[in-house]
Each structure stands twice: as C-alpha cells, then as structure tokens.
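Where a number appears in this text, it was derived from the coordinates with a stated rule and is not lab data. From a predicted model like this one, the values you see are computed outputs, not experimental measurements. We place every Cβ from the backbone using ideal geometry, glycine too, and count neighbours over all the protein chains shown.
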Amino acid sequence: MTQRSTGALDSAAWPAFADLVEHCDAFPSGCWCMAFHSEGVANGADHAAVNRERKQARVVAGTAHAALVFEADDCVGWCQFGQSDELPRIKGRAAYERTLTGLPDWRIACCFVAKGHRRQGVAKAALGGALDLIAGLGGGTVEGYPEPAGSVSAGFLFNGALSTYEQLGFTRDRMIGKHRWVVTRFVEPID
C-alpha cells in the first residue's frame, strides 16, 4: 500500500495543490474549487487565471480550507471545508434552505481524487484529514452533502460518496435532491 499523509492547504502546500489542479483532466472549466465560495466561479476568457488568483488569495488570507492528501510529494486529492459563511454556495441550496433549522459550524463542500488514485481510500483519507483539521480549529457540527456511489460517475462525485461519510461517523439528516443527502457529525475540539 502506498504511504499517504494529509496536511492543510496553506501557502507552503499551494504549489502541490496547484500542480494537481493544473494537470487534472477533471478541471477543464478551471474552477480551482471556487464554486462554493461567495464569489463563485469567474466567467470569461481568462476565467481559469482569475479563479486561480482568487483561490490563492483566499489561501494566503486563511479564508480557504482544505485537507490535502499526499503520496510522497504529490497531492492526489483534497477535501474542501469551511464555515458556512466561507462556503455559502452549496448544491441544492433552495431545497436545503426550505428544511433548514440551523447552520452548521462547518461544511464539507468538495472532495476530489485525481484520476488513477480513485477507489484506493484517498477520499476517506481526505475527509478524515478535514475532520482532524476541524478539530484543531475548535470542532463543532459538520455537514456534508454527499450522494450515493453510483448516482454519478466517480469523477463527478465532487461532494463525496455517502458511504465514505458514513464510514467516518456521519449520520443522514435529510435529502435535498434526488440523490443528495445532508449528513452531520459532531467533531470534538482538540485541546
């Protein structure tokens, strides 16, 4: 089995994250994982460059969070997380807000595994890494918005697979789409 480690997306890890995004065939839109942030994905001829610049600025400012999964020095996956105001643009938002009783402390917005590394535990390592980072940031209630595996292609399961969340202790709360669930888990803070 390949030796893996996880770490936070920060200025030091930016080059590895950028290398993954720039060389990944799943990012033809050049989103740079901006879709869930308040400004969303930029449009226009230079949208990829604008999204890259916006994401890097958020990383430097500490307003973008993710757990990165590394195999040696290569970033092979990540799990984006943040507080509700950091990631307000969730999928299925209208249905989510109709059944909303209170905002979570943290959201899991995007899970991604590079082609060639899928179905090898990278997504679970990324989600687990995010939970560890959340514990270090004070813990609290965490929500995710996964879909059952098989509802879409693994390359387009950007919110992650329901089974991965359940393996890490999340419970189903409610559905907000044909296949999308709201799942929750409380994370104890690390002292």
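Normalised by the number of residues in segment 85-191, the average gap of Cα pairs under 8 Å and 6 or more apart makes the relative contact order 32 percent.
Our Cα-only numbers for the chain put the radius of gyration and Dmax at 15.5, 47 Å. The simple spin-label model puts a point 7 Å past each Cα toward its Cβ; for His47 and Ser84 those points are separated by 2.9 nm.
Computed from point charges on the beta carbon alone (+1 for Lys and Arg, -1 for Asp and Glu), the dipole magnitude for segment 4-187 about its Cα centre is near 680 Debye.
Shape verdict for segment 87-191, please, from the Cα gyration tensor: rounded (a/c under 1.5), prolate (a/b greater than b/c) or oblate. It is oblate, given that a/c is not under 1.5 and a/b is not larger than b/c.
Each part gets one Cα centre, and for segment 91-124 versus segment 158-191 those centres are 8 Å apart. Between the listed residues Ala123, Leu137, Ala61, the Cα displaced farthest toward the positive end of the dipole of the chain, a dipole computed from Cβ unit charges relative to the Cα centre, is found at Ala123. Looking at segment 29-111, the GluC sites (Glu not before Pro) that sit in a DSSP loop and have at most 12 other Cβ atoms within 10 Å of their own Cβ are Glu39.
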